[in-house]
Each structure stands twice: as C-alpha cells, then as structure tokens.
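Notes for the one structure printed next.
The values are calculated or read from the model by the stated rules, or taken from the named source; none is laboratory data. Just so you know, these numbers come straight off a predicted model, no measurement behind them. Neighbour counts are summed over all protein chains in view; Cβ atoms, including those assigned to glycine, are modelled from backbone coordinates with ideal geometry. Accessible surface areas use protein heavy atoms only, side chains included; no ligands, DNA or RNA. Shrake-Rupley method; radii C 1.70, N 1.55, O 1.52, S 1.80 Å.
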Amino acid sequence: MVAQQIVNGLMLGAIYMLVAVAFTLAIGVLNFLNFSLPGLFMAGGMLAFGLMKAGWPFLLAAAGALAAAAFISLLVERFAYRPMQGGDPEVPLVSSLGFLVLLENLMLVQFGSDQQAFPALLPDLNLRLGGLVIGYAQLASLLLSLGLVAVLSFVLAKTAAGRRIRTVAESRETALLMGIDIARLVPQLFVASAALAALAGILFAVNYQQVSPFMGEGVGFKGVAAMIVGGMGSIWGAVLGGLLIGLAEVVSISFIGADVVNITVYGLLLLILIVRPQGLMGRAPSREKL
Amino acid sequence: MALLEVSALSVSYGRVAALTDVSLRVQEGEIVTVLGANGAGKSTLLKAILGAVPVKGGGIAFADTDLTRAAPHKRMGAGLVLVPEGRRILISLTVEENLLLGAHMRRDTAAIRREMDAIYGRFSNLAERRHMLASCLSGGEQQMLAIGRAMMAKPRLMMLDEPSLGLSPLFVEKLFDLICELNRDGLSVLLVEQNTGKALKVAHAATVLELGRVTMDGDPKALAADPRLQDAYLGGAGGH
Ligand SMILES: Nc1ncnc2c1ncn2[C@@H]1O[C@H](COP(=O)(O)OP(=O)(O)O)[C@@H](O)[C@H]1O
Ligand SMILES: [Mg+2]
C-alpha cells in the first residue's frame, strides 16, 4: 500500500538526509567535496557492528563508533584538507577519496568483504497505526535525524557559533580579520560532519540490519545527489533532497521494480535540475560576483 | 608605556618587502593617522598589527603585552579591532547579524544588547534595516555598519583602513565627527586615510609611509605645513 511505502521511503530518506547535510556542511563552509564522508558512514555502521560483536552494549558501541569517526575525520582534515589549502580544490577531493578506499580496505581486512547481519535491537516492537507498521527503531531514527538537523539549523541561524561559521563560508579572509579562530573552527566542522555521516551509518545498520565494507558507496552517491538537488550549501535543501530520494527509491522499487530503481531515481534528479539548476532550495547564482 | 607600540616592524609577501623597520606608537586616548600613497604598505601595517599577516621582524606590543606572534582572535580579545579596507560587510548576513558578529567573542549578552541598541540609536538607517541582508545598504551605511560592528567588540584601539573611501562628502563629514566623538569617549584610534587634510586635522600624531618605510612623523600641524607632504598628498586634492 502507498502509505506504507511513503513511511518506508521517509525512513530511508532520513539516512540520505544526514549524509547530504554532512556533505553540504563541508561544501558550503569549507568548499570541500569530502569523499571520505561515505567512508565515515560505513565506518559508523561497521565499527558499531564490530564493537557489539566484541560484547559492547549498543549505545556504548554507537558512541565508540562516533568517536572513532570523529577521530578519522580529524586525520582527513590534517592530511587531506589542510596541506592543500590555497592550491587546486580538486586535490583534497582526490585525497579524501583515498581515505574512502583506505577505510574500505581496512574494514575488509578486519571483517571480510561479505555483508554481515547487524543484530536487531528492538525486534518485535512495532507501532501499528491503521494498516501501517512502523518499527520503533525506525521511528526513533527518523525523529533523531530530524531533531539533529533542526538543532544544527538553529545553531547556524541563531548563535554566535553559527554566525562565525557563516562568515567563514562567505569569506575566509574576512573571517580572519574579524578575529575568528579558523584553525579551531575547521576541525570542529570536520568532526560535526563526520558525526552526521557516521550516525547515518549506525542508523542504517540498525534499520536494515546489515553492514558491509562497501555500504557507503551507494549511500554516498545518493547523499551527494540529495545535496545537489536540494541546493548546495542549504541545510533544508539537503533535508528535502534526502527525503525525496528516499521516497523515490522506495516507491519506484515497489511499483516499477528493483532493477530500474537507479534509472528512476537519477532520472527524477536530472529532471529537477533541468527545471531548477540551482536546486530546490538553492539561491539562484548571483550575478553580483561578476 | 604607549597603548600600542610597533617597533622596527618588517613584513614581506614572499620576496617582496612590504614594510621595513616601521615604528609607531599610539598613546591611550590618541588619534594617530598613517598616511601614504597607494601601495605604501598602510593596509599591511594594520593587518600585521591585527596579526592577519605574519611579521618577519620587529615587535608589536599592546597594553604592555607582547603580541608579535599572537593570533588575531587573541589580539581582539586584548582590545584591538580593525575596520578593514573596503568595509568587508558580510552580505549573506543581516545588518543585525553583522553587528552581533563584532561581539562574537563576548558572552555578556545583556551588555551586547544594550550596546547594539545604542548603535541603532546612533544610526537610524541601520535600525530600520536591521533584519535585512546587509547587501541592501548604501556605501555610507555599510561603513557605519563596519564601524558599528567594530564597536561591538568593545575595543580599546580601533584601526580604520581608509574609511572615507568612496563616501559622499556628507558621509565623510559624519564619519570624521563619529571618529572624534568615539575618541572623546575614550577610544584610541589608528586611522589610515587618503583624505590627508581631514585626517591631519583630527589626529594627535601622524606617520607617513613611503614604499614600506616611515619617511616623516610627528605633529600633524607641522606635517600639514611641511612642503614635502604638501607636494605629495595635499597638492593634488587642493589644486595649486
Ligand atoms: N596579499 C599580498 N600578496 C602580495 N603582495 C601584496 C599583498 N598585499 C599587498 N601586497 C603588496 O604590498 C605592498 C603594500 O600594499 P598595501 O599594504 O595594500 O598598501 P596600501 O594599503 O598602502 O595601499 C604593495 O606593493 C602591494 O602590492
Ligand atoms: Mg590599503
């Protein structure tokens, strides 16, 4: 039934949304298409899985995975991003891709290349609403994702930290002259976007009960697509884009078939970009700059 | 000791020397002006004092503390602030957010609010547009916003880099009145200007830079009468 598919689509979309928001933070503020983020998504899921296998309770394992992802992201900042400042923007992109491959291979060595079953946390707890079946774990992750993005958006819009971040996004040179401690702010942003991506990986593992060293790739692509369709640098655009892709994916799987899912999803995105090249919530490219 | 003490400062961009052995001091409560042609190194001097460009030699002391190697946010914490050349208003932020950005290191929310209201009282144009993007302001209003933003940092020394550039005569008049008023209220000022005549009128001391070196300094009245300065800077504007 359609309503059930919509619910399922929103659940999947919430995960794309987190990844898209992580990408949009990196692009919007740091001007960096950070391809280590899909790796951190995967590391979130895989490390939570590994720690639970080692006997840690779920919440502790999740916290450990988030901390590890934050630490890895600091390494990406230190070794892929920072040394390349002032040079070609493509170079850190390529070296962040290197981190993705490295992370995948580390996990592959540690856990093998097969898909692994992630333990069900709340297996039998479902909310029944009319004909709808909603797992509590799914509902909790949807609310958590939306809540987190709302908090992030509030911080950006209304706090001194948010004004500092938006200043860096507009002009790093001005930020320096305004006494903003860029050397401290940049790693903090890397940690924030890593935490979003890794959390998405953990929620994916919880909801779909599977992890693999390559789980980041497909989700990463869709996260980037969600960001572009929403409008680069716009948080709520990333939210809209993520939910839209999740919906399109689930609905087209159940109504058209699984083998054409990428065609319908990416076809839809292409169509949106033809009609609105700046993305759904993006500002039209300004002419003032020229 | 002086509030700001710049001693034998040298700065280079790569191999190009922008400042060589520049010394200058600002006493508490003074307006000091730095004059010089385009490319003389005036902006570089202010940026070096703020810590936004690295120094090659010499020292910067502010309020009896050596700040030669300190990061800009440390220096601003100590009471230095810069109103940059070209104003550098953040156009993706509202007028009010630009003002609040000036106070981004402060935590005394109630005082910030009070001071912002005082700034709105002073500049009614900013008050009317407080929730609009700062890009909607005219050049003169943007300069007022840039100064308001700097005031929000609660500085002891405000550095202004060519604030009158591109302003209408009316706004230039307002600007210099404002600088004098802030100074009377106790703010020390380091003023870089192209408007040599006006700057020398309000300043307590003046320094002239040429190709990154100090060529004249001292009493602004004496400098205003100095034929070398007359030829170099005052002549063109006045028309012999
Ligand atoms: N970022 C920079 N890189 C290289 N050279 C610079 C830079 N900024 C300024 N310069 C050079 O340093 C000298 C002094 O410039 P500046 O301090 O801007 O002078 P002024 O403000 O007096 O016009 C000029 O020769 C200028 O070309
Ligand atoms: Mg200049």
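For segment B:47-84 and segment B:166-216, what is the separation of their C-alpha centers, rounded to whole Å? Cα centroid of segment B:47-84 versus Cα centroid of segment B:166-216: 20 Å apart. Which residue fluctuates most in the GNM of chain A (Cα springs below 10 Å): A:VAL250, A:VAL29, A:VAL109? Top of the fluctuation ranking is A:VAL109. Site pair B:THR65 and B:ASP108 shows an inter-label distance of 1.6 nm when each label is modelled 7 Å from Cα along Cα→Cβ. Can you tell me the orientation of helix A:160-170 relative to chain A, as the angle in degrees between its alpha-carbon axis and the longest Cα principal axis, to the nearest 10? The angle comes out at about 70 degrees. Residue ranges A:155-166, B:190-201 sort as B:190-201, A:155-166 when ordered by packing (mean number of other C-beta atoms within 10 Å per residue, highest first).
Would you work out which of A:LEU244, A:ALA26, B:ASN125 lies farthest towards the positive end of the dipole of the protein assembly as shown? Charges go on Cβ: Lys and Arg +1, Asp and Glu -1. The residue sitting farthest along the positive end of the dipole is B:ASN125. Placing unit charges on the Cβ atoms of the charged side chains and taking the dipole of the protein assembly as shown about its Cα centre, the candidate lying farthest along the positive direction among A:TYR136, A:MET52, B:VAL81 is A:TYR136. Note on A:ARG276 and B:LEU211: their simple-model spin labels are 5.9 nm apart, each label 7 Å out from Cα toward Cβ. Distances between placed amide hydrogens fall under 5 Å for B:VAL34 paired with B:LEU191, B:VAL192, B:GLU193, B:THR207, all partners being 5 or more residues away or on another chain. For the residue pairs B:LYS56/B:LYS154; B:LYS47/B:LYS221; B:LYS74/B:LYS154; B:LYS74/B:LYS221, the alpha carbons lie more than 24 Å apart in B:LYS56/B:LYS154; B:LYS47/B:LYS221; B:LYS74/B:LYS221.
For chain A, the mean residue ellipticity at 222 nm estimated from helices alone is -24000 deg cm²/dmol, where every DSSP H run of n ≥ 4 contributes -39500 (n - 2.57) and the total is divided by all residues, rounded to the nearest 500. Principal-axis analysis of the Cα atoms of chain B puts helix B:169-184 at an angle of about 90° to the longest axis.
Calculate how many DSSP beta bridges within the protein assembly as shown are antiparallel, expressed in % of all such bridges and rounded to the nearest 5. Around 60 percent antiparallel, to the nearest 5. Grab the beta carbon distance between B:ASP177 and B:ARG15, set R0 = 56 Å, and tell me the FRET efficiency rounded to 0.05. Here the calculated transfer efficiency is 0.85. Relative to the Cα centre, the charge distribution of the protein assembly as shown, modelled as +1 at Lys and Arg Cβ and -1 at Asp and Glu Cβ, gives a dipole magnitude of about 400 debye.
Close amide H contacts of B:ARG213 (hydrogens built in the peptide plane, cut-off under 5 Å, sequence separation of 5 or more or a different chain): B:THR20. If you run the Gaussian network model on chain B, springs between alpha carbon atoms under 10 Å, then out of B:ALA37, B:ALA205, B:ALA150 the most flexible one is B:ALA37. Peptide B:48-57 has a mean of 1 when you count, residue by residue, the C-beta atoms of other protein chains within 10 Å of its C-beta.
Label sites at A:TRP56 and B:GLU128, each approximated as a point 7 angstrom past Cα along Cα to Cβ, lie 6.0 nm apart.
Charge dipole of segment A:21-215 (Cα centre as origin; +1 on each Lys and Arg Cβ, -1 on each Asp and Glu Cβ, all else neutral): 480 debye, rounded to the nearest 20. Computed about the Cα centre, the dipole magnitude for segment B:4-233 is approximately 580 debye when only Lys and Arg (+1) and Asp and Glu (-1) carry charge, each at its Cβ. Per-residue mean of foreign Cβ neighbours for A:171-177 is 6 (Cβ atoms of other chains, 10 Å radius). Computed over the Cα atoms of chain A, the ratio of the radius of gyration to the Kirkwood radius (Rg/Rh) comes to 0.97.
You can think of it this way: the chain between A:TYR136 and A:PHE214 has 25.4 nm of extra reach, that is 0.36 nm per residue less the Cα-Cα gap.
In the protein assembly as shown, the portion of solvent-accessible area held by carbon and sulfur atoms comes to 61 percent [1.4 Å probe, whole percent, DNA, RNA and ligands not counted].
Full extension of the chain segment joining B:LEU170 with B:HIS204 gains 9.9 nm, where the gain is 0.36 nm per residue of separation less the Cα-Cα distance.
Between the C-alpha center of segment A:1-41 and that of segment A:115-161 there is a gap of 13 Å.
Other protein chain C-beta atoms within 10 Å of residue C-beta, averaged over B:82-92: 4. The C-alpha atoms of chain A define a longest principal axis, and helix A:2-30 lies at about 20 degrees to it.
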